[in-house]
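The values are calculated or read from the model by the stated rules, or taken from the named source; none is laboratory data. Keep in mind that what you see is a predicted model, and the values were worked out from it rather than measured. Positions of Cβ are backbone-derived with ideal geometry, glycine not excepted, and every protein chain shown enters the neighbour counts. The protein model used for the area step is the full one, side chains on, heavy atoms only, and it has no ligands, DNA or RNA in it. Shrake-Rupley method; radii C 1.70, N 1.55, O 1.52, S 1.80 Å.
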Amino acid sequence: MASHDDDAGRQSVDDQPTSSLPLTDCCQADTTANDDDEAADQVPELSGDVDELAPPLPPDGGWGWAVVVAAFVANLILDGVCYTFGVIMPQLLEHFRAGKGKTALVGSMLPGFYLIVGKPIMHGCL
């Protein structure tokens, strides 16, 4: 339990200084309108050359989009072959005169190669 000597340095709520303004007066915003406020609401017109406002060039010179397009086309062709192999398999069987097992093995090597090679490449990049 605290003694009265310890409490001597503390101030009570009644002893603390208070603000001279009432709470409602200090929290209300100034609602008087003047010409300065109306001038601040107007948007200034832009001056200068329009070329100054042009967006900056990409740091790679735009080659990033060429890489995106090339990757899209490569994946389009390779995934097209993977997903449509069942459609072209009868023509491959007839052309190469091979069995269904050997021809299907060739068709399954592409997605298998994707999965086997992709993981080490991704772990090398990370």
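Which condition number does L110 fail, the rest of (1) loosely packed, with under 12 Cβ neighbours inside 10 Å; (2) touching a Cys at 6+ places or on another chain (Cβ under 8 Å) being met?
Checking L110 against (1) loosely packed, with under 12 Cβ neighbours inside 10 Å; (2) touching a Cys at 6+ places or on another chain (Cβ under 8 Å), the one that fails is (1).
If you scan region 63-87, which residues turn out to be within 20 Å of the chain's Cα centre (by Cα) and open to solvent by less than 60 Å² (accessible area, probe 1.4 Å)?
As a first pass, look at region 63-87 and keep what is within 20 Å of the chain's Cα centre (by Cα): 64-65, 67-68.
Scanning region 63-87 gives a single hit, G64.
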